[in-house]
Amino acid sequence: MTTSPLHTKTKISVCIGEADQPVGTLIYTKQGARENTSFAYSEGWLSGANRFKVSPELELVTAHQSRKAPSKVDSPFPFALADTAPDAWGRRVILRDHAKRRKNGDQDTKQGALTELDFLLAVDDFSRVGALRLRDEQGVFQRAAHTGQRATPALLDLGKIYAASRAVEQGQETEADLRYLVGKGTSLGGMRPKCTLIDHHQRLAIGKFPSVGDTRSVTRGEVLALRLASAAGINVAQSRIELIDGVAVAVIERFDRTADGRRIPYLSAASMLQASRQDEHHYVEIADAILQSSLQPTLDTQELWRRMVFNHLITNVDDHLQNHGFLHHGHGLWRLAPAFDINPFPDKDRESKTWLSEATGPIIELAPLLAHCEYFSFSRQQALDALAKIYQAVKGWRSMATSAAVGLKPQELDDFAPAFEHEAMEEARISLGHASH
Ligand SMILES: Nc1ncnc2c1ncn2[C@@H]1O[C@H](COP(=O)(O)OP(=O)(O)OP(=O)(O)O)[C@@H](O)[C@H]1O
Ligand SMILES: [Mg+2]
């Protein structure tokens, strides 16, 4: 690493999987406010039988491939690495910890503002999303737990993590709270308070907590949405509610690890499309990416269509490109990852964030989805059959909501009803009725 007050250059080794097979070298340069990166694959990776493009823009060539963020809201890192960087929630924890330690005169604390690299390297190696791993010039994994300490908490520790997370949200955290939270799987992406945990059978899972600003049981709402999606024929992340001192925490099984704990490469849909956070993108573009890169293009485009319809019928309007992802299935071929982060939004307008296509704009009614079904590998009849299954599942939301697995109380259902009972369900019923005549 070279450092002057205005210029830093840091070399990071990128490797993959449990065996930390070397993939390449990342050079991070910061000059004043400007941040750039340059990535080069290692010879071993390029000549190996398992080689694949770990990020869609990184061609399998020996040359250095450089990148600078196209806008202030974009990452300077290759897309696949940017997917592992913390988002709003993780950054908040890392920043607060840094500020507090500096204030208290901790000698090890870095002077000056944290850089994008500091955030990327603050993510716990054990729970980093996907299969890519990072080592510093001394060969130390970033970020590794201190010897003798386990960084990822067990289910039993959830109460303590939840209490510390809540204190952070309320701006009342102690230094001990922050020390406890940092590196403990708190640095996953996303806005909401969460952590990674070691679940039963040693499997990795995500614990998603209620947030201080919630006006309804968002955690039970998410488990409700995931279970309805499964009933609707959609492949979803496994989920359940755990009560921690009476508080409902949504526990979502991590799909980027195999049953025996091996890491599976992950790419968000944003990365697959090489999308800037500033630009509008469309589902037809995700379908095009699936047709190019999926092991099962027909099944995956059909699945994407089901998810668009389901999201519309449950008013999940937070369908941005980080909320869809892909898992690697070998030789540069990918599959759509199970659906995750799907939530009913009863207080929002039914308008998708991701547009259906440039011409149609956002999804605000069902008709354009049916009209475009062939782009997603469905004949009209197959689409109607899929719609019928989704419609039936969503129609049964009240009994799923009050089932033991979800645990909403009958009097809480009014909070959610506008997300499930609306004119789009009526439109679905009419489309299905017409079809049977
Ligand atoms: N089941 C899972 N397995 C593996 N990775 C996951 C899983 N669920 C989420 N992730 C990863 O963690 C990130 C954050 O999770 P999630 O989207 O659920 O959080 P969030 O805070 O609700 O997000 P948002 O900001 O979109 O509301 C995702 O973008 C994805 O990279
Ligand atoms: Mg999300």
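The values are calculated or read from the model by the stated rules, or taken from the named source; none is laboratory data. In this text the structure is predicted, and so the values were computed from the model without any measurement. Reconstructed Cβ throughout: ideal geometry from the backbone, glycine too, with neighbour counts over all protein chains shown. Areas reflect the complete protein model, heavy atoms only, side chains present, ligands, DNA and RNA absent. Shrake-Rupley method; radii C 1.70, N 1.55, O 1.52, S 1.80 Å.
Do you know which residues across region 226-240 are within 15 Å of ligand 1 (Cβ to nearest atom) and over 16 Å from the mean Cα position of the chain (by Cα)?
Matches in region 226-240: Arg227, Ala229, Ser230, Ile234, Arg240.
Kindly provide the set of residues from region 281-309 that are under 20 Å from Ala231 (Cα atoms) and within 16 Å of ligand 2 (Cβ to nearest atom), ordered by number.
Hit for region 281-309 is Arg307, nothing else.
Take the conditions of a type outside the set (A, V, I, L, M, F, W, C) and closer than 17 Å to Thr152 by Cβ and apply them to Asp245. Does it pass?
It is false that Asp245 is of a type outside the set (A, V, I, L, M, F, W, C) and closer than 17 Å to Thr152 by Cβ.
Just to confirm my filter: which helices (runs of 4 or more DSSP H) fall fully inside region 63-142 and include at least 1 residues that are farther than 27 Å from Ala269 by Cα? Give the steps one after another, and end with the answer.
Numbers: elements: 79-82, 88-103, 116-121.
Counting at least 1 such residues, we get 88-103.
Identify the residue in region 92-104 that is open to solvent by 40 Å² or more (accessible area, probe 1.4 Å) and without any contact (Cβ under 8 Å) to a residue 40 or more places away in the chain and, among all such residues, is nearest to Lys184 (Cα to Cα). Before the answer, list the steps.
Of region 92-104, the ones open to solvent by 40 Å² or more (accessible area, probe 1.4 Å) are 92, 95-96, 99-104.
Still in the running and without any contact (Cβ under 8 Å) to a residue 40 or more places away in the chain: 95, 99, 102-103.
Numbers: Leu95: 15, Ala99: 18, Arg102: 20, Lys103: 22 Å.
Checking each candidate, the answer is Leu95.
If you scan region 196-209, which residues turn out to be more than 15 Å from ligand 2 (Cβ to nearest atom) and open to solvent by less than 30 Å² (accessible area, probe 1.4 Å)?
Leu197, Ile198, Asp199, Leu204, Ala205
Of the conditions (1) touching an Asp or Glu at 6+ places or on another chain (Cβ under 8 Å); (2) over 15 Å from Gly332 (Cα atoms), Lys53 satisfies every one except a single condition; which number is it?
Only one criterion is unmet by Lys53, namely (2).
Across region 311-324, what is the number of residues that are assigned to a helix (DSSP H, G or I) and either of a type in the set (Asp, Glu) or within 13 Å of Phe340 (Cα to Cα) (or both)?
Final tally of qualifying residues: 4.
Restricting to region 325-344, what's the tally of residues that are more than 16 Å from ligand 2 (Cβ to nearest atom) and either without any contact (Cβ under 8 Å) to a residue 24 or more places away in the chain or in a loop (DSSP other than H, G, I, E, B) (or both)?
Looking only at that region, the number is 5.
Within region 137-151, track down each residue that is at pLDDT 85 or above and either touching an Asp or Glu at 6+ places or on another chain (Cβ under 9 Å) or of a type in the set (S, T, N, Q) (or both).
Gln138, Phe141, Gln142, Arg143
Criterion first (open to solvent by 30 Å² or more (accessible area, probe 1.4 Å), of a type outside the set (Val, Ile, Thr) and at pLDDT below 90) does Gln107 satisfy it?
Against the criterion (open to solvent by 30 Å² or more (accessible area, probe 1.4 Å), of a type outside the set (Val, Ile, Thr) and at pLDDT below 90), Gln107 qualifies.
List the residue pairs whose Cβ atoms are under 7 Å apart, where the first residue sits in region 72-90 and is open to solvent by less than 20 Å² (accessible area, probe 1.4 Å), the second is within 11 Å of ligand 1 (Cβ to nearest atom) and of a type in the set (Lys, Arg), and the two are 6 or more positions apart or on different chains.
So the pair list comes out as Thr84/Arg128; Trp89/Arg192; Trp89/Lys194.
In this structure, is Pro297 open to solvent by less than 50 Å² (accessible area, probe 1.4 Å) and farther than 30 Å from Phe416 by Cβ?
yes
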